[in-house]
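Student: Here's a structure for you.
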Amino acid sequence: MAVYPRRNLKRILIDPGHGGEDPGAIGPGGEREKELNWRYSLTLKWLLEKMGYEVGLTRWGDVNVPLGWRGKLARGYDIFLSLHFNAGGEEAEGAEVWYHEGSRKGKQLAMWVDIELKKLGKTRGVKKDTNRYRRGFCVLRVAEGQGVPSALLEVDFVSNPKVEKKVKAEEERMRRMQAVANGIDKFLKGG
């Protein structure tokens with residue numbers, strides 16, 4: 001039986017933030033951001049592949065890939081999504097989706113992901129990353145510099161004990177990543 005490549009297969013690169021000696025944020029119960037990022041990224045990869053997309057990761061396992069390299073790996077992909085968990089006060093909660101200033105397509109990607117996440121509950125909305133405001137997210141700047149629409153998703157606040165407990169559950173991970181996959185799918189299909 002002959003196997004034919006899919007036509008117009010869209011390629012997505014997921015960046016599981018942090019890794020290796022960089023744990024990222026650490027929740028009050030000891031949950032490390034880098035491990036949440038990894039589990040959530042694998043789930044998102046699986047869901048997107050089920051939808052028919054080709055999906056890559058910027059890191060495999062618990063390693064630290066330099067920020068500049070993460071963005072450079074986006075070359076040749078149709079979108080780049082960096083996945084993280086936020087830290088703040090013990091009461092803080094909700095997803096944030098960031099895009100690089102001046103990127104129309106990055107903003108559209110962020111908006112679609114936010115729209116789908118809002119269906120699940122509280123989000124903190126779409127936010128524009130500017131060099132003046134947060135000194136710029138290096139991964140977004142580098143990926144966008146290669147012409148790849150990019151967004152950075154802060155899934156929720158691991159610093160909130162209630163959120164930390166909730167996001168560890170497989171059912172919650174599937175629920176949230178399905179919403180993200182739906183947003184990516186809508187963006188890639190033109191809304």
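Student: Could you go through the stretch 111-123 and let me know if any residue there is of a type in the set (Gly, Ala, Ser) and modelled with pLDDT of 95 or more.
Tutor: no
Student: Also: Hey, among the residues in the stretch 28-50 that are more than 14 Å from Pro16 (Cα to Cα) and touching a strand residue (DSSP E or B) at 6+ places or on another chain (Cβ under 8 Å), which one's surrounded by the fewest Cβ atoms within 10 Å (Cβ to Cβ)?
Tutor: Ranking the qualifying residues of the stretch 28-50, first place goes to Glu49.
Student: Same structure, new question: Kindly establish whether Arg70 is surrounded by fewer than 15 Cβ atoms within 10 Å (Cβ to Cβ) and in contact (Cβ under 8 Å) with a residue 60 or more places away in the chain.
Tutor: no
Student: If you don't mind, another one. If I ask for residues that are crowded, with 19+ Cβ neighbours inside 10 Å and either touching a residue at least 60 places away in the same chain (Cβ under 8 Å) or out of contact with any strand residue (DSSP E or B) (no Cβ under 7 Å at 6 or more places or on another chain) (or both), which ones from the stretch 112-125 would you list?
Tutor: Listed by number, the residues that qualify are Trp112, Val113, Asp114, Glu116, Leu117.
Student: Something else about it: How many residues does the stretch 147-191 hold that are outside any helix (DSSP H, G or I) and either over 20 Å from Leu36 (Cα atoms) or in contact (Cβ under 8 Å) with a residue 40 or more places away in the chain (or both)?
Tutor: 18
Student: When both residues are 6+ apart or on different chains and their Cβ atoms are under 8 Å apart, which pairs have a first residue that lies in the stretch 12-34 and is more than 17 Å from Leu152 (Cα to Cα) and in contact (Cβ under 8 Å) with a residue 24 or more places away in the chain, and a second that is hydroxyl-bearing (Ser, Thr, Tyr) and crowded, with 19+ Cβ neighbours inside 10 Å?
Tutor: Listed pairs, sorted by first residue: Gly27/Ser159; Pro28/Ser159.
Student: When you look at Gly89, is it small (Gly, Ala, Ser) and either at pLDDT 95 or above or buried (at least 16 other Cβ atoms within 10 Å of the Cβ) (or both), yes or no?
Tutor: no
Student: Here's something else I'd like to know. Among the residues of the stretch 133-146, are any at pLDDT below 95, buried (at least 23 other Cβ atoms within 10 Å of the Cβ), assigned to a helix (DSSP H, G or I) and among the small types (Gly, Ala, Ser)?
Tutor: Yes, because at least one residue in the stretch 133-146 is at pLDDT below 95, buried (at least 23 other Cβ atoms within 10 Å of the Cβ), assigned to a helix (DSSP H, G or I) and among the small types (Gly, Ala, Ser).
Student: Among the residues of the stretch 42-100, which ones are more than 21 Å from Lys119 (Cβ to Cβ), in a helix (DSSP H, G or I) and in contact with a helix residue (DSSP H, G or I) (Cβ under 8 Å, 6 or more places away or on another chain)?
Tutor: Residues satisfying the conditions are Leu67, Gly68, Arg70, Gly71, Lys72.
The values are calculated or read from the model by the stated rules, or taken from the named source; none is laboratory data. Because the structure is predicted, anything quoted here is derived from the model rather than measured. Cβ: placed from backbone, ideal geometry, glycine included. Neighbour counts: every protein chain shown.
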